[in-house]
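Below is one structure, written out as structure tokens, with a few remarks after it.
The values are calculated or read from the model by the stated rules, or taken from the named source; none is laboratory data. Keep in mind it's a predicted model, so treat the numbers as computed, not measured. These accessible areas exclude ligands, DNA and RNA; they are computed on the full protein's heavy atoms, side chains included. Shrake-Rupley method; radii C 1.70, N 1.55, O 1.52, S 1.80 Å.
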Amino acid sequence: MAEPSAEVMVFWGLVRELPSRPRVAVTLHFAGERTMAEIASILEVPEGTVRSDIARARVVISAGLRSQR
């Protein structure tokens, strides 16, 4: 198995810094390939909350990735 790229390592480092619920939502979405509905069920929150958490996390992660370049 190939080693993850530096950008992937930075991505997951940024994910680890997120608050708990968004961190879990992002992990389930990107690594677990779960749907928004599945994540909402797992976290016991509305699907809209999952969408918001992931959208906000994407902003934080994108900014972090840009600052690493």
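Some notes on this structure:
- Spatial separation of Cα centroids for segment 43-69 and segment 9-39, in angstrom: 8
- Nearest-ten-degree value, helix 20-30 long axis tilted from longest Cα axis of the chain: 80
- Helix 47-68 vs. the chain, principal-axis angle (Cα, 0 to 90°, nearest 10): 10
- For the chain, the relative contact order comes to 34 percent (Cα pairs under 8 Å, sequence separation of at least 6).
- Averaged per residue, the chain has 69 square angstrom of accessible surface, using a 1.4 angstrom probe with ligands and nucleic acids left out.
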